[in-house]
1. Report MET36's accessible area, 1.4 Å probe, all protein chains in place, as a number in Å² to the nearest 10.
2. Which order do you get for GLU126, GLU18 if you rank them by accessible area with a 1.4 Å probe, largest at the top?
3. Give me the one-decimal nm value for the distance between modelled label points at LEU39 and ASP138, 7 Å along each residue's Cα-to-Cβ direction.
Amino acid sequence: MNVAKWLLLALLVLPLAELVVFILVASQIGFALALMLVLAGMLAGGLVLRHAGGSHIARVRVALDQGSFTALQADGRGGALLLAGILLLIPGFITDALALWVLAGTLFWQHRPPARSDGVVDLEPEQWQRVPDPVLPDRREDDHNH
């Protein structure tokens, strides 16, 4: 079976699985509390998408406009936050658990390069931009005249 068929099957089974899990959780903690948890997850998803996802979407647009795919490849954390926000926005406990797993991965298992001892600071792609070199006046001639 190819990937598209598995994805289609997962999309068809997911709502049923979410309903079964919701019923199980609601039978343990009560319908109102289960519903509040699902709504809180959706609200959290909206906040993640608004805060972190919006800036990532803007970076994707800029990178695509400039034809710079290396900036997109280096920004794995932004993509993971976007995915987590989308998963949280989908109502249900299964997608919320997947979103928390993605968020935990971005927070705790993100690969960081070791600190450099030569005084160079490595910045993330969204933390810098290329600017043209300014033309500075030659002050050596001014120093000799005084």
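1. Result for MET36: roughly 120 Å² accessible.
2. On the way: GLU126 85, GLU18 15 Å².
My answer, sorted largest first, is GLU126, GLU18.
3. 7.3
The values are calculated or read from the model by the stated rules, or taken from the named source; none is laboratory data. Note that this is a predicted model, so its numbers are computed, not measured. Using ideal geometry, Cβ is built from the backbone for each residue, glycine included, and neighbour counts are taken over all protein chains shown. Only protein heavy atoms, including side chains, enter the accessible area calculation; ligands, DNA and RNA are left aside. Shrake-Rupley method; radii C 1.70, N 1.55, O 1.52, S 1.80 Å.
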